[in-house]
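Student: Okay, handing you the structure first.
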2 protein chains.
Amino acid sequence: MYWFNKKHLEDLPDRFRARLINGLSGYKSANLIGTCDAKHQPNLAIVSSVVHLGANPALMGMVTRPTTVRRDTVNNIKEQHQFTINMVAESMVEKAHQTSAKYEEQVSEFSEVGLSVEWIDDFQAPCVSESPISIGLDLKEILPIELNGTEFIIGQIKWVRIREDVLQPDGSLELSQIRAAAVTGLDCYHVPSKGQRYHYAVPEHRARELPTQGNNDIHPPVNLKKFWAKP
Amino acid sequence: MYWFNKKHLEDLPDRFRARLINGLSGYKSANLIGTCDAKHQPNLAIVSSVVHLGANPALMGMVTRPTTVRRDTVNNIKEQHQFTINMVAESMVEKAHQTSAKYEEQVSEFSEVGLSVEWIDDFQAPCVSESPISIGLDLKEILPIELNGTEFIIGQIKWVRIREDVLQPDGSLELSQIRAAAVTGLDCYHVPSKGQRYHYAVPEHRARELPTQGNNDIHPPVNLKKFWAKP
C-alpha cells in the first residue's frame, strides 16, 4: 500500500497531484453542459461532476471551475438561468474532450469540435443533437464553496429527451445500450458494459441479484407511448 | 425519442420516477462512507454521490439523504468531524449494496454485511480493510440544500491509502486494475475495463489519444518508494 498524508500531497508536483486527487472519487459521469449568452452565442463544456440530488422535485447539481479562471458556462447560467446536460456517448468522446480546450469567449465549441446545436422551443440554452439523453434545467441555486473558489450549481429538470432504447419498462436506464461514457481522472474515458442489478436491500436478507429484465413492480404500468413525441 | 416535461415527471409513479431521475446523470462512483459515533460504534453506508472538488487543497464532496429520514452517517460526521471514503471493488459489490438496508442505529453494517473494520491511528472514523483505496477526511463544511432537505458535505483529505498496482508513474489511477465498480441508477453495478486517455486539449489540435503508458511529463519523477509505508 502507498500512504499519503496531507504534507505528502502538498509536496507532490502539481500535475501528479491533480491526476491523483482527480482519480480518487472513482468513476464519474461524462456530460456536456450547453449554455448561451444574451446574444444566443452557444457554449459547450465537458464536466465530470454532475450528481443526482433528488427525484421529486427532480434536481441535479454540478461543481464549477474556480473563480480564478474564465468561466463562460457559469457566467451564461447566471445570466440566462437555464442550461442543458447532455450525456456523452462513445461516438462523441473525442469531440466532448476537445471542448475542454481554452477557446476564445466568442467561439462556439459546438462548431469547433463538430457537434450539432439544437434549440428546444424557447428554452434559453442549446442542447447537443447527437446526445442520447439531453436534459433542460432551470437554475435554482448557486452555493459558493469558499474553500477553493468553486461553486455548486443546482438545477431543476424542466424537460428530458431520452433515446427510446435506453428507457426500460420499470423506469431504469440501460446506459450500456447507448454506449454511454464514464470518466476517470482528468482524461480517461471508459464505456462500461451491461451491469448487474440488485434487489432493494433489507436487513432480513443478503443482497440478491435482480433478474436481467429488471423490476416488474410498476402498477399500473407506465404507458410510455404517450411520451413518444415532444410535448 | 421520449420526451418528459416537469408535469409528466410529477405524474409518474414514485419508483418509476426515482429510477429514471437517478439514472439521468450517468455513471456514478461507488464508495462506502465509514463513520463512528461518540462510543466508537462503527457505521458504513454506500453512496454514489462522491465528487471531486479540488486538488489543492484536496477536497471532496458528497450529497446526503434528506433530513426526513434517519441519517446515522451524517449525524456521526457532524459529531466526530471525520469520515472515510472507501472505493468499492467488484468483490465487495454485494456487501456494499447490502449496507443500504435500514439496520438499527446501534448495528454495525461492517459486521452485518461482512466487511472488516480498520482503525487508522487516532482517526475518528473506521475504514474498510478490503477496499483498494481508502481516504480519511476532515469535515470542512456542510452546505444545506433547502430545496429538498439534503446537504452537501465537504471534506479535506487528511490521508490516502492506495493499493500499489493502481497508482501509475504519472499520478493517475488505473481503476480497471483493481476492478473498481461504477453505479447506474439505484441498484446497478458495472465494472468497466481499461479506458482510453486523451492529451490535454488545446484549440490548435483535435483531441489526440494518449499512448497506453500514460504521461511522462513529471519532472523530476516522483519517488513512490518513499510513500511505500504508512507515514
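Student: What's the number of the only condition in (1) buried (at least 22 other Cβ atoms within 10 Å of the Cβ); (2) at pLDDT below 95 that A:V50 fails to meet?
Tutor: Condition (2) is where A:V50 drops out.
Student: Can you find, within the stretch A:94-109, the residue that is surrounded by the most Cβ atoms within 10 Å (Cβ to Cβ) among those that are farther than 13 Å from A:P132 by Cβ and touching a strand residue (DSSP E or B) at 6+ places or on another chain (Cβ under 7 Å)?
Tutor: Within the stretch A:94-109, the match that is surrounded by the most Cβ atoms within 10 Å (Cβ to Cβ) is A:H97.
Student: Which residues, counting only those in the stretch A:83-92, are within 13 Å of chain B (Cβ to nearest Cβ) and touching a Gly at 6+ places or on another chain (Cβ under 7 Å)?
Tutor: Answer for the stretch A:83-92, where residues must be within 13 Å of chain B (Cβ to nearest Cβ) and touching a Gly at 6+ places or on another chain (Cβ under 7 Å): A:T84, A:N86, A:M87.
Student: Continuing with the same structure: Taking the condition of being modelled with pLDDT of 95 or more and either basic (K, R) or on the phi > 0 side of the Ramachandran plot (or both), how many residues in the stretch A:109-134 meet it?
Tutor: 1
Student: Determine if the stretch B:98-114 includes at least one residue that is facing chain A (nearest Cβ under 7 Å), within 30 Å of A:I153 (Cα to Cα) and under 14 Å from the mean Cα position of the chain (by Cα).
Tutor: No, the stretch B:98-114 contains no residue that is facing chain A (nearest Cβ under 7 Å), within 30 Å of A:I153 (Cα to Cα) and under 14 Å from the mean Cα position of the chain (by Cα).
Student: Let me ask another. Go through the residues of the stretch A:143-152 one by one and say whether even a single one is under 22 Å from B:N22 (Cα atoms) and free of Cβ contacts under 8 Å to residues at least 40 places away in the same chain.
Tutor: There is at least one residue in the stretch A:143-152 that is under 22 Å from B:N22 (Cα atoms) and free of Cβ contacts under 8 Å to residues at least 40 places away in the same chain.
Student: Another one. So for the stretch B:60-76 (the condition being more than 12 Å from every other protein chain (Cβ to nearest Cβ), more than 22 Å from A:F4 (Cβ to Cβ), touching a Pro at 6+ places or on another chain (Cβ under 6 Å) and in contact (Cβ under 8 Å) with a residue 24 or more places away in the chain), does at least one residue qualify?
Tutor: No, the conditions are met nowhere in the stretch B:60-76.
Student: Would you point out the residue of the stretch A:39-59, among those that are within 7 Å of chain B (Cβ to nearest Cβ) and out of contact with any helix residue (DSSP H, G or I) (no Cβ under 7 Å at 6 or more places or on another chain), that is nearest to A:K140 (Cα to Cα)?
Tutor: A:L59
Student: Right, next: Which of (1) surrounded by fewer than 21 Cβ atoms within 10 Å (Cβ to Cβ); (2) closer than 17 Å to A:V222 by Cα; (3) at pLDDT 95 or above is the odd one out, the single condition A:E164 does not satisfy?
Tutor: (3)
Student: Let me ask something else about it. Only one of these conditions is not met by A:S49: (1) among the small types (G, A, S); (2) within 25 Å of B:N31 (Cα to Cα); (3) in contact (Cβ under 8 Å) with a residue 24 or more places away in the chain. Which number is it?
Tutor: Unmet condition: (3).
Student: Let me ask something else about it. If you go through the stretch B:155-179, how many residues are at the interface with chain A (Cβ under 7 Å from one of its Cβ atoms), touching a Phe, Trp or Tyr at 6+ places or on another chain (Cβ under 9 Å) and closer than 20 Å to B:T84 by Cα?
Tutor: Of the residues in the stretch B:155-179, 10 are at the interface with chain A (Cβ under 7 Å from one of its Cβ atoms), touching a Phe, Trp or Tyr at 6+ places or on another chain (Cβ under 9 Å) and closer than 20 Å to B:T84 by Cα.
Student: Please determine whether any residue of the stretch B:74-82 is surrounded by 24 or more Cβ atoms within 10 Å (Cβ to Cβ) and out of contact with any Lys or Arg (no Cβ under 8 Å at 6 or more places or on another chain).
Tutor: yes
Student: Also, I was wondering about something else. Among the numbered conditions (1) more than 30 Å from B:D121 (Cα to Cα); (2) at pLDDT below 90, tell me where B:V202 comes up short.
Tutor: It is condition (2) that B:V202 fails.
Student: Residue under question is B:R15, and the condition is that it be more than 30 Å from B:S129 (Cα to Cα) and touching a residue at least 40 places away in the same chain (Cβ under 8 Å); does it hold?
Tutor: Taking the combined requirement at face value, the residue does not satisfy it.
Each row is one residue, and each column tells you yes or no for (1) facing chain A (nearest Cβ under 7 Å); (2) under 19 Å from A:A182 (Cα atoms).
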position: B:N5; (1), (2): yes, no
position: B:P13; (1), (2): yes, no
position: B:K28; (1), (2): yes, yes
position: B:D37; (1), (2): no, no
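Student: Just name the residue that is nearest to A:D187 (Cα to Cα) out of those in the stretch B:165-174 that are touching a strand residue (DSSP E or B) at 6+ places or on another chain (Cβ under 9 Å) and free of Cβ contacts under 8 Å to residues at least 40 places away in the same chain.
Tutor: Checked the stretch B:165-174; the qualifying residue nearest to A:D187 (Cα to Cα) is B:E174.
Yes/no per residue for (1) over 22 Å from A:K28 (Cβ atoms); (2) touching a Leu at 6+ places or on another chain (Cβ under 7 Å); (3) at pLDDT 95 or above:
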position	(1), (2), (3)
B:M62	no, no, yes
B:R65	no, no, no
B:V93	no, no, yes
B:G136	no, no, yes
B:E141	no, yes, yes
B:G155	no, yes, yes
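Student: Among the numbered criteria (1) at the interface with another protein chain (Cβ under 7 Å from one of its Cβ atoms); (2) in a strand (DSSP E or B), which one does B:P192 miss?
Tutor: Condition not satisfied by B:P192: (2).
Student: Residue by residue through the stretch A:175-189, note down the ones that are in a loop (DSSP other than H, G, I, E, B) and surrounded by 20 or more Cβ atoms within 10 Å (Cβ to Cβ).
Tutor: A:A181, A:G185, A:L186, A:D187, listed by residue number.
Student: Turning to a different aspect of this structure: Please find, among A:D138, A:D122, the residue that is without any contact (Cβ under 8 Å) to a residue 12 or more places away in the chain, more than 16 Å from A:M87 (Cα to Cα) and more than 8 Å from chain B (Cβ to nearest Cβ).
Tutor: Just one listed residue meets the conditions, A:D122.
The values are calculated or read from the model by the stated rules, or taken from the named source; none is laboratory data. The structure displayed is predicted, hence computed values, not measured ones. Don't worry about glycine lacking a Cβ; one is built from the backbone with ideal geometry, like all the others, and counts go over all protein chains shown.
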